[in-house]
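The block underneath contains the structure these notes are about, expressed in structure tokens.
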Amino acid sequence: MAHFTVIGLGRFGIAASMELIYLGHTVTGVDRDAKIAEKYVDDFTQVIICDSTDENALKELDLINSEAVLVAIGEDMESSLLCILALKKLGVKEIWVKASSRAHHTIVSKLGVARIIHPEEEMGVRVAQALNYPMVNDYLSIGHGLYVVEIHIKSHLDGQSLGDVLSASKGRVEAVMIKREQETFLQLKHDFVFQTHDVLLLSGTRTSLKSLVPRLV
Ligand code: ATP
């Protein structure tokens, strides 16, 4: 469990915070709008009403104990930039920023933040991937051209072994994990037999996964 600070409680900031809390972390939420802050006071570990461009106000937050600070102010670029500068000045190392435009991204990238997020563009890419492979419930890029995809096993694969399933791939595909209800299976052998509703995590290159995944639907 870690502690995070989320600055800006718009739709993006709230969604990120709620997921962090759901994942078992504690979150301090910050917004200058008292009405918004009051609305979420029961959901967060702590909600602070302050202008995040004010360095003195930020000093009052427990930033040093935050694993990362997420600046989720999109529209008001000036606020976002001033807030990042103040966080830098206070020695915050792990700063993640939501960027709302190319100009915003360009300036933020010069400030040396850990990660710049473009929710609309990143989501657009994910939706296109999902439309391309509707059978793949989720996917994750793990770098170096490798991906992890989640596949829900349907009835036509019931009784087939992992070896049979993987043999259809042109290229290397590894089975990372299989989840069956509450149970997880790791270090999988090729004689593992699938049941309907198993959830299979596969890793491989885009090309090798593309050769295999359509056969699993
Ligand atoms: P959404 O995530 O809803 O798309 P958005 O990109 O439109 O949000 P904004 O509405 O600009 O982003 O900001 C999100 C939140 O950040 C708002 O609740 C706003 O009150 C808050 N906010 C903006 N500027 C500051 C600031 N200087 N200090 C603290 N909170 C701020």
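The values are calculated or read from the model by the stated rules, or taken from the named source; none is laboratory data. None of these values were measured; they are calculated from a predicted model. Methodologically, a virtual Cβ is constructed for each residue, glycine included, from the backbone with ideal geometry; neighbour enumeration extends over all protein chains shown. Keep in mind that these areas ignore ligands, DNA and RNA; they rest on the heavy atoms of the full protein, side chains included. Shrake-Rupley method; radii C 1.70, N 1.55, O 1.52, S 1.80 Å.
Here is how the numbers come out for the structure above:
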| item | result |
| --- | --- |
| Candidates Val41, Val47, filtered to the one that is farther than 20 Å from Ala99 by Cβ and touching a Phe, Trp or Tyr at 6+ places or on another chain (Cβ under 7 Å) | Val47 |
| Extreme residue, most open to solvent (accessible area, probe 1.4 Å), among residues of segment 15-28 that are out of contact with any Lys or Arg (no Cβ under 9 Å at 6 or more places or on another chain), in a helix (DSSP H, G or I) and not aromatic (Phe, Trp, Tyr) | Glu19 |
| Number of the condition not met by Leu63 [criteria: (1) within 19 Å of Ile95 (Cα to Cα); (2) within 13 Å of the ligand (Cβ to nearest atom)] | (2) |
| Scan of segment 18-27 for residues that are touching a helix residue (DSSP H, G or I) at 6+ places or on another chain (Cβ under 9 Å) and either within 10 Å of the ligand (Cβ to nearest atom) or of a type in the set (Ser, Thr, Tyr) (or both), ordered by number | Thr26 |
| Count of segment 86-121 residues which are within 16 Å of Thr5 (Cβ to Cβ) and out of contact with any strand residue (DSSP E or B) (no Cβ under 7 Å at 6 or more places or on another chain) | 6 |
| Of all residues making up segment 146-163, the number that are surrounded by 14 or more Cβ atoms within 10 Å (Cβ to Cβ) and hydroxyl-bearing (Ser, Thr, Tyr) | 2 |
| Output for segment 169-181, where each listed residue is open to solvent by 60 Å² or more (accessible area, probe 1.4 Å) and either under 29 Å from the mean Cα position of the chain (by Cα) or among the acidic types (Asp, Glu) (or both) | Arg172, Glu174, Val176, Lys179, Glu181 |
| Whichever residue in segment 95-112 is outside any helix (DSSP H, G or I) and either of a type outside the set (Val, Ile, Thr) or within 14 Å of the ligand (Cβ to nearest atom) (or both) and, among such residues, is surrounded by the fewest Cβ atoms within 10 Å (Cβ to Cβ) | Gly112 |
| Residue count for segment 1-14, restricted to those that are part of a loop (DSSP other than H, G, I, E, B) and within 10 Å of the ligand (Cβ to nearest atom) | 3 |
| Candidates Asp31, Asp51, filtered to the one that is surrounded by fewer than 19 Cβ atoms within 10 Å (Cβ to Cβ), modelled with pLDDT of 95 or more and within 9 Å of the ligand (Cβ to nearest atom) | Asp51 |
| Considering residues of segment 113-129 that are under 23 Å from Leu61 (Cβ atoms) and either part of a helix (DSSP H, G or I) or of a type in the set (A, V, I, L, M) (or both) only, the residue most open to solvent (accessible area, probe 1.4 Å) | Ala114 |
| Meets criteria (over 20 Å from Ser211 (Cα atoms) and touching a helix residue (DSSP H, G or I) at 6+ places or on another chain (Cβ under 8 Å)) for Ser109 | no |
| Output for segment 59-94, where each listed residue is outside any loop (DSSP other than H, G, I, E, B) and open to solvent by 50 Å² or more (accessible area, probe 1.4 Å) | Lys59, Ile64, Asn65, Met77, Glu78, Leu82, Leu85, Lys88, Lys89 |
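One line per residue, one yes/no per condition, for (1) touching a residue at least 40 places away in the same chain (Cβ under 8 Å); (2) more than 26 Å from the chain's Cα centre (by Cα):
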| residue | (1), (2) |
| --- | --- |
| Asp164 | no, yes |
| Ser167 | no, yes |
| Glu183 | no, no |
| Leu186 | no, no |
| Lys189 | no, yes |
| Phe194 | yes, yes |
| Leu200 | yes, no |
| Arg206 | yes, no |
